[in-house]
Every structure is written in C-alpha cells, then in structure tokens.
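The values are calculated or read from the model by the stated rules, or taken from the named source; none is laboratory data. Keep in mind that this is a model prediction, so the values were computed, not measured. Positions of Cβ are backbone-derived with ideal geometry, glycine not excepted, and every protein chain shown enters the neighbour counts. What goes into the accessible areas is simple: the full protein's heavy atoms, side chains included, and nothing from ligands, DNA or RNA. Shrake-Rupley method; radii C 1.70, N 1.55, O 1.52, S 1.80 Å.
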Amino acid sequence: MSTVKTPVARLSYAKLFKAEKAGNGKDKYSCMLIFAPGTDLEPLEDLAWETAMDFYGSEKKMPSGVKKKKLAGGSGWPFRDGEDQEGKDGHEEGGIYLNVSTYGTAPKVVRKEGGVLHAVEEDEIKSGDYVKVMLTAKGFKVDGNSGVTFYMGNVLFVKAGDALGGGATD
C-alpha cells in the first residue's frame, strides 16, 4: 500500500486522541478533512484510482461510483462534494472533503518547530485547525458495500484556525 501526504486541510469532527467503538467493535480514530476550493487533490485521486485498479483488477469490476469518481456518499469513491455539508461550519462552495479513520492505535499528532517535530497534546488541537495528514488508500468490500477508503496515519498540525462546531477534539 502506498501513502500520500495531503495538502493543507481544515480539521473537522476530530477524534484523534480518544477512540470511539466502531461497528466492528474496534477502537476507531477519525476526522473529516475539508479542502478549500481549488486545492490540488490529484496525488490523492491518483492513489485512490491506482488502489481501485489493484483491488478490483479492472475498471469493469469496480462499483459504478468509483468508475465515475462520483462525489456522493455511498458511491464507493472516498471524495465528497462539500455541497452536501452546506450550512455547516468550515465548508465552502466548491470544496471537497474526506472522512478518514484508523483502527487500534491513535495517530501521532505533531507540529514542526525549527525543523524539529514535537508531539501535540490533546488540548493543543481542535476542529477548525489546519493540518496535513499521511493517508493510505485501501479497497474494501464489507456488508454489501465496496469502494476505496483512506486510512489516517500521522497528523501534522500546520496552524490554528477558528473553532468549528464547538471546537472539541473528542
């Protein structure tokens, strides 16, 4: 599996330090990454497409939402059109978002100061801040659903932003 670092994104619905129980009973850490209109997502899209080709073997075997790169929930394609979040904090017309997660171990959350990485504590980051995240793409077929998803790796705090929806991380 290949990984890619996202461009700067706005952090929302951040569950980075305290896990929630997923439907499979595993600890799940997650967040939404909101990308401003015009953000170059081509490296992420390329990775998602390559992952789909590897996982399904051919375009013919892919779910239609993946083939068409459909920006809608339930399509199997991981990118979402911000229009379905209209009126919610942090979303702009023409923006794209991703819901990403990881299971088991919490992601490392760090900031860079003077070329040195430092751990970020839970009270130092909130929904609304700006981050870059290492993502790994993976194909899935679960309970009749299939597509491509992104798993979250390390999170790099870039800068503080205005709090979204109360601003709590957990």
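Condition check for G90 on (1) over 20 Å from D143 (Cβ atoms); (2) part of a loop (DSSP other than H, G, I, E, B); (3) of a type outside the set (D, E, K, R); (4) without any contact (Cβ under 8 Å) to a residue 12 or more places away in the chain: one failure, at (4). Hey, K28 hits all of (1) part of a strand (DSSP E or B); (2) more than 17 Å from the chain's Cα centre (by Cα) but one; which does it fall short on? Exception for K28: condition (2).
Restricting attention to segment 108-165, which residues are among the acidic types (D, E) and either in a loop (DSSP other than H, G, I, E, B) or surrounded by 12 or more Cβ atoms within 10 Å (Cβ to Cβ) (or both)?
Step one: of segment 108-165, the residues among the acidic types (D, E) are 113, 121-124, 129, 143, 162.
Passing the criteria: E121, E122, E124, D129, D143, D162.
Scanning segment 47-92 for residues that are of a type in the set (D, E), modelled with pLDDT of 80 or more and either open to solvent by less than 20 Å² (accessible area, probe 1.4 Å) or more than 15 Å from the chain's Cα centre (by Cα) (or both) returns E50, D54, E59.
Within segment 61-73, the presence of at least one residue that is touching a residue at least 60 places away in the same chain (Cβ under 8 Å) and part of a loop (DSSP other than H, G, I, E, B) is confirmed.
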